[in-house]
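The numbers here are math on the coordinates, done by the rules we state, and not lab data. Predicted model only: the values in this text are computed from it and were never measured. Virtual Cβ from ideal backbone geometry, glycine too; neighbours counted across all protein chains shown.
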Amino acid sequence: MHGEHNKPTTATANPTRAARAKAHANIALAKYWGKLDPEENLPAVPSVSITLEALSTITTVAFDPSLQEDTLTLNGAPCGGQALDRVGRLLDRVRSMAGTTTSARVTSQNDFPTASGLASSASAFAALALAATQAAALAIDRSEVSDIARRASASAARSVFGGFVGLAAGAPGETFLAASPIASRDHWNLNVVVAITSDRAKPIGSTGAMRHTADTSPYYRAWLDLCPRLVERIHKAIEARDLHALGEAAEHSALAMHACALAATPAILYFEPATIGAIRCIQSLRKRGVVVYATIDAGPHVKAITALENSQVVAHALGEVPGVLRTIVSAIGGDATVEPVGGST
Ligand code: DP6
């Protein structure tokens, strides 16, 4: 009981509660593109991803009774506007679950170059959901953390888990939807080589782009029909560790998603010349016998899926493509983790 009387009474009565979490970005093998229910942020299609070791976000959340409102610092810069609103909505949900109204200071840092255009809402909202629920001392499991992340950004639901991860399509009226692990990262030694093709911000974010696609693309219906079949093929390929089967289905998913968005009016075009160059490079590597397949999210960068032993050959070849600024080789990452509070973030 030594020193008990020395504790400042204000701090014990109304303490700041802080927690820190780290989550990795993920790359969808079967893409989520389209919402069943925009209010609840329920996806219209099932998706499957792999978590990326090399790209992660560390976020600290401190519920502090001295704050008048939530604050957000991203990569060292104070942020307001839409980014803060989105963070505030996730915090509101956590606050209502915890029965508190205390504002929070949120500090978030990516461990990959910020100018790379890779800034990932998936790693960001997964880390935020885990840090916020920990800071609020909510006794909830990882599925519930994933559901909270999913409401902010559906791809973030998958970043709560490591390895190979699935997120089902939503069902009408559903209020809970979490991602779930399909296989651990030890199941299969895949690598992803990211070819960065532009430092510019993308023309339109995924949320707006998928709404515009659903509203105006004549191919949207066909896309909805295709996705469950691709997910089934990808599940089987993961189970069998069949890189040809996995890659073919993943490449098809990405190109079909972009075709669907390209057919919107006006068209949504994410590709830069180097995006096409990188796809062509991957095709010619395949002709030379290297098993490698391409996938592209809502942006110009190309991610090459390959076996660990081929990742350096693939990175070298992609690095030679005109317009490719740099490459990042990533292994498959693990679960989001709670980190010790302290240090610089
Ligand atoms: C192309 O998860 O960013 O990366 O739920 O509106 O935040 P919101 O969308 P978001 O969309 C990701 C789209 C994608 C494919 C994928 O990750 O599955």
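List of remarks:
- Computed log₁₀ I(q)/I(0) - Debye formula, equal Cα scatterers, no solvent, the range 125-168, q 0.18, 0.23, 0.30 Å⁻¹: -0.43, -0.68, -1.06
- The range 24-108: GluC sites (Glu not before Pro) in DSSP loop, at most 10 other beta carbons within 10 Å: 39, 69
- Sparsely packed GluC sites (Glu not before Pro) within the range 130-236, loop by DSSP, other Cβ within 10 Å at most 16: 174
- Separation in nanometres of the label points that stand 7 Å from Cα toward Cβ, at residue 200 and residue 85: 2.5 nm
- Counted charge near residue 21, where neighbours are those whose Cβ lies closer than 12 Å (Asp, Glu -1; Lys, Arg +1): +1
- Cβ-Cβ FRET estimate between residue 248 and residue 67, R0 fixed at 41 Å, reported to 0.05: 0.20
- 12 Å reach of a label modelled at residue 143, 7 Å along Cα-to-Cβ, counting backbone N of the range 149-186: 176-181
- Residue-span extension gain [residue 283 to residue 307] - 0.36 nm each, minus C-alpha spacing: 7.1 nm
- Over 23 Å [Cα-Cα, the range 138-256], rounded percent: 43 percent
- DSSP-assigned coil residues among chymotrypsin sites (Phe, Trp or Tyr not before Pro) in the range 254-301, each with at most 10 further Cβ atoms within 10 Å: none
- Just checking the listed ones, 299, 208, 88: in the Gaussian network model of the chain with Cα springs under 10 Å, the one fluctuating most is 208.
- Prolate/oblate/rounded call for the range 219-265, Cα gyration tensor, a/c under 1.5 rounded: oblate
- The range 200-345, Rg to Rh (Cα coordinates; Rh as Kirkwood inverse mean 1/r): 1.01
- Between residue 291 and residue 259, full extension at 0.36 nm per residue minus the direct alpha carbon distance yields a gain of 9.1 nm.
- Rg/Rh for the chain, where both radii come from Cα atoms and Rh is the Kirkwood radius: 1.00
- Ellipticity at 222 nm from helices only: DSSP H runs of n ≥ 4 in the chain, each -39500 (n - 2.57), divided by the residue count, give -12000 deg cm²/dmol.
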